[in-house]
Amino acid sequence: PARTTAEWQAADSAHYLHPFTDFKGLANKGSRVITRADNIYLWDSEGHKILDAMSGLWCVNVGYGQQALIDAAAAQMKELPFYNSFFQTAHPPAIELAELLSQITPPQFKHVFFSGSGSEGNDTVVRMVRRYWDVLGQPQRQIIISRKNAYHGSTMAGASLGGMAGMHAQGGLPIPGISHIDQPYWVEHGRGMRRDEFGELAASWLEARILNLGAENVAAFIGEPIQGAGGVIIPPASYWPEVQRICDQYGILLVSDEVITGFGRTGRWFGCETMGFRPDLMTFAKGVTSGYVPLGGVMVGDRVAKVLIEQGGEFEHGYTYSGHPVACAVALANIRLIREQRLVERVHDDVGPYLAKAYETLREHPLVGDAETCGLMGALLLVKDKARGTPFPAELEIGMVCRGHCFGNGLIMRAVGDRMIIAPPL
Ligand code: PMP
């Protein structure tokens, strides 16, 4: 690049407000400027080579530099760089992608609504589930139940569905009609219990909340099959089947936020398949294009699609970039590449088991209190006293210390409190 690192950093702090960032703190420190990438590696403006164990932001599933995706974008830009799908128009890439998504998702999904991101996808979820109940003559069914420490995006609805206290403290959130139950995190709530018992207990909090609110007021339950930004919280195997049973019993829509867990991350195409449940709606983004261009959306299951199509009339909702042709063309190339390279099978049979085995050995480390993986997502819990499970003092910010050592050794891991997490390219 034409500029030195110091020059980039000066221009950065003068003009660029970064997401989820203490602006002043960063300006004093200076950003790390990433200039290029290939395969699983990044290079910064100082020429350091870094192994990207977070796939960017959990999204570069096929790795960097895949020519098929680059070519698909260039060809589509030449042919038709933009057109919308409002006012009774469509274009081949969006139609073809809708068709392909219906083939790779679980059988209840034959329809898709596109957005530009995961957050927008979850905004669509809120509008769609409330519309569904309205059309069915139950407009009072407004409440969507979610979990504390969930992450569902940063728009008004996305951040409201999410259960991040820091986010709710800014901007008057959550919006009305969202109710949060505790997360299925064994370390926080289940110590001393068998994991399967704890999974059932955590699911029972959903039933208790439904009864408390009145089932006739509850529209949906939304969850990430595995919480990502919350720290790779892998629920016990007993949790999701029980959540499914409860939603079925009370007729409540079940929404799986697959923004991180979709497109092979857990060793199946979607996390709900790994966790054994059958959602009515599924939010996706990130891995659908491996992050090469922005795209998100909601898979709409037959139960909801039938009502909206046959009885719904006009759905007064959509985005300029719903089904953007370049994004859809890249998604098509990306999904075909995942199929050709058998990446989902590879995570399931090869690299996933490899990672699990490697994490078993890390479990023996004196500072590691817990080590768990699912497919190519993993978390290490750092503890001061392993035998007692005593955490490090919070002011030490031990996760950030560990993250600094990782960076210093050419590795990007993310720290969520005391949990060190990874989600490398597949
Ligand atoms: N849902 C989940 C589960 C996510 O992890 C994220 C992003 N990390 C989002 C939604 C929001 O997606 P976006 O940042 O594309 O709006």
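The values are calculated or read from the model by the stated rules, or taken from the named source; none is laboratory data. Because the structure is a prediction, the values reported are computed rather than measured. Backbone-built Cβ (ideal geometry, glycine too); neighbour counts: all protein chains shown. SASA here: full protein model, heavy atoms, side chains in, ligands and nucleic acids out. Shrake-Rupley method; radii C 1.70, N 1.55, O 1.52, S 1.80 Å.
Assorted remarks:
- Residue by residue, the stretch 221-233 carries 3J(HN,Hα) couplings of 10, 10, x, 7, x, 10, 5, x, 4, x, x, 6, 8 Hz when phi is fed to the Karplus relation 6.51 cos²θ - 1.76 cosθ + 1.60 (θ = phi - 60°); x denotes Gly or Pro.
- Three-way shape call for the stretch 165-261 based on the alpha-carbon gyration tensor, with the a/c threshold at 1.5: oblate
- Scattering from the stretch 88-246 was approximated by placing one identical point on each alpha carbon and applying the Debye formula without solvent; log10 I(q)/I(0) at 0.12 1/Å stands at -0.61.
- Sequence-distant aspartates and glutamates (8 or more away, or on other chains) whose Cα lies within less than 14 Å of Lys110: Glu96, Glu99, Asp280, Asp302
- Applying a length cut-off of 27 Å (Cα extent along the axis) and a mean Kyte-Doolittle floor of -1.0 to the DSSP H helices of the chain leaves 195-213.
- Working note: 222 nm ellipticity from helices only, DSSP H runs with n ≥ 4, each -39,500 (n - 2.57), summed and divided by the residues of the chain, gives -11500 deg cm²/dmol to the nearest 500.
- Size of the stretch 295-426: Rg and Dmax of its alpha carbons, in Å, are 21.4, 61.
- Heavy atoms of Tyr64: accessible area, 1.4 Å probe, square angstrom to 10: 40 Å²
- Peptides 87-95, 285-293 ranked from most to least packed by the mean count of surrounding Cβ atoms within 10 Å: 285-293, 87-95.
- Amide H contacts of Ser154 (H built 1.01 Å from N, under 5 Å, at least 5 apart or other chain): Ser119, Ala159
- A Cβ-based charge dipole, computed about the Cα centre of the stretch 254-387 with Lys and Arg at +1 and Asp and Glu at -1, lands at about 300 debye.
- The stretch 243-258 and the stretch 294-343 have Cα centres separated by 21 Å.
- Under a model in which nothing but the beta-carbon of Lys, Arg (+1) and Asp, Glu (-1) is charged, the chain shows a dipole of about 380 debye around its Cα centre.
- Accessible area of Glu200 in the full protein assembly, 1.4 Å probe (Å², nearest 10): 100 Å²
- Mean projection area, nm², convex hull over Cα of the stretch 124-176: 3.5 nm²
- Gyration tensor verdict on the stretch 319-397 (Cα atoms; rounded if a/c is under 1.5, prolate if a/b is larger than b/c, oblate otherwise): oblate
- Each Cα pair under 8 Å and six or more residues apart adds its sequence gap; the mean of these over the residue count of the chain is a relative contact order of 21 percent.
- Cα-based equivalent ellipsoid of the chain: semi-axis lengths in Å, sorted from largest, via gyration tensor: 32, 29, 21
- The amide H of Glu224, built 1.01 Å from its N in the peptide plane, has Asp257 as neighbours under 5 Å, considering only residues 5 or more places off or on other chains.
- Part-to-part distance (alpha-carbon centres) for the stretch 399-424 and the stretch 1-58, which is given in Å: 16 Å
- Protein-only accessible surface at a 1.4 angstrom probe places the residues Arg191, Arg147, Arg388 in the order Arg388, Arg191, Arg147, largest first.
- Note that the stretch 366-374 has calculated 3J(HN,Hα) couplings of x, 9, 9, x, 7, 9, 9, 9, 9 Hz, one per residue in order, obtained from phi through the Karplus relation 6.51 cos²θ - 1.76 cosθ + 1.60 (θ = phi - 60°); glycine and proline are x.
- Ellipsoid equivalent to the stretch 194-237 - semi-axes via the Cα gyration tensor, in Å: 22, 15, 7
- Karplus-derived 3J(HN,Hα), 6.51/-1.76/1.60, for each residue of the stretch 83-88, Hz, glycine and proline x: 7, 9, 10, 6, 6, 6
- Cα-derived Rg to Rh of the stretch 220-320, Kirkwood definition: 0.99
- Straight-line cross-link reach from Lys49 at under 23 Å between alpha-carbon atoms covers these lysines, not counting any fewer than eight positions away in the same chain: Lys29.
- Per residue, the accessible area of the stretch 218-276 comes to 19 Å², computed with a 1.4 Å probe over protein heavy atoms only.
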